[in-house]
Amino acid sequence: MKCVICKTGETKPGKATVTLNRNGSTVVFKDVPAEICTTCGEDYTDEEVTERLLELSRETAETGVEVAVHHYVA
């Protein structure tokens, strides 16, 4: 797919690091499957992965931790 950020690059499958902030918690996910722009590096996750990331960040925020780092697991 064509990158919507730089408008010149094409994306290819890869792994990304995604950071989400929720209710005072910062959650970092490593090794997230994504489409990554070969020009600017912007990453795009599909709907299923995005839903899982939101679910995991909600669960993490509910524990009250300020910062957490996870390896993505589907």
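All of (1) part of a loop (DSSP other than H, G, I, E, B); (2) β-branched (V, I, T); (3) surrounded by 13 or more Cβ atoms within 10 Å (Cβ to Cβ) hold for V4 with one exception: (3). Scanning segment 40-53 for residues that are under 14 Å from G14 (Cα atoms), in contact with a strand residue (DSSP E or B) (Cβ under 8 Å, 6 or more places away or on another chain) and not charged (D, E, K, R) returns Y44, T45, V49. Of the residues in segment 41-62, not one is part of a strand (DSSP E or B), exposed (fewer than 13 other Cβ atoms within 10 Å of the Cβ) and at pLDDT 95 or above. Summed over segment 5-46, residues that are free of Cβ contacts under 8 Å to residues at least 24 places away in the same chain and not charged (D, E, K, R) total 6. Taking the criterion of being among the small types (G, A, S) and either part of a strand (DSSP E or B) or closer than 26 Å to G9 by Cβ (or both), the residues of segment 23-39 that qualify are S25, A34. Within segment 7-15, at least one residue is at pLDDT 95 or above and under 10 Å from the mean Cα position of the chain (by Cα).
The values are calculated or read from the model by the stated rules, or taken from the named source; none is laboratory data. These numbers come from a predicted model, not from an experiment. Using ideal geometry, Cβ is built from the backbone for each residue, glycine included, and neighbour counts are taken over all protein chains shown.
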